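One structure below.
The values are calculated or read from the model by the stated rules, or taken from the named source; none is laboratory data. What you see is a predicted model; the values in this text were computed from it and never measured. Every residue, glycine as well, gets a Cβ built from its backbone with ideal geometry; the counts of neighbours run over all protein chains shown.
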Amino acid sequence: MSLNWNPNHKELTAIVLLACGIIMAFVALMLPPPGEIHDSVLYIFAQILIYCGSIFGIDSYITQKIKKNHNND
């Protein structure tokens, strides 16, 4: 089984931002006071998740619908 996934720039930025957000959250757990994440880190991580969700969810859905309509014509 081969993957026929060719990510574009938006999907690559979403993957990189998601990885950076996860790393940032784990680093924030280790900074003083240990075990506590500052609100600003949570806010930035939430923004990253919103961006990733919009890229993978909404953009992928619209692209799929456009391709389906294009094939029907």
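Is it the case that Gly21 is touching a helix residue (DSSP H, G or I) at 6+ places or on another chain (Cβ under 7 Å), surrounded by 11 or more Cβ atoms within 10 Å (Cβ to Cβ) and small (Gly, Ala, Ser)? The answer is yes for Gly21. Remark: Ile50 falls outside the filter, which requires a residue to be without any contact (Cβ under 8 Å) to a residue 24 or more places away in the chain and outside any helix (DSSP H, G or I).
Every test in (1) polar (S, T, N, Q); (2) without any contact (Cβ under 8 Å) to a residue 12 or more places away in the chain; (3) touching a helix residue (DSSP H, G or I) at 6+ places or on another chain (Cβ under 9 Å) is passed by Thr13 save one, and that test is (2).
Only one of Ile55, Ile62 is part of a helix (DSSP H, G or I), hydrophobic (A, V, I, L, M, F, W, C) and touching a residue at least 12 places away in the same chain (Cβ under 8 Å). Can you tell me which? Full working, then the answer.
Working: Ile62 fails: touching a residue at least 12 places away in the same chain (Cβ under 8 Å).
None of the other options fit; the residue is Ile55.
Out of the residues in segment 1-47 that are polar (S, T, N, Q) and not in a helix (DSSP H, G or I), which is modelled with the lowest pLDDT? Even if it seems obvious, please write down each step before you answer.
Just the residues of segment 1-47 that are polar (S, T, N, Q), to begin with: 2, 4, 6, 8, 13, 40, 47.
So of that shortlist, the ones also not in a helix (DSSP H, G or I) come out as 2, 4, 6, 8.
Values: Ser2: 56, Asn4: 69, Asn6: 71, Asn8: 79.
Checked segment 1-47; the qualifying residue modelled with the lowest pLDDT is Ser2.
Take segment 37-67 and flag every residue that is charged (D, E, K, R) and surrounded by 10 or more Cβ atoms within 10 Å (Cβ to Cβ). Once the filter is applied, which keeps residues that are charged (D, E, K, R) and surrounded by 10 or more Cβ atoms within 10 Å (Cβ to Cβ), segment 37-67 yields Asp59, Lys65, Lys67.
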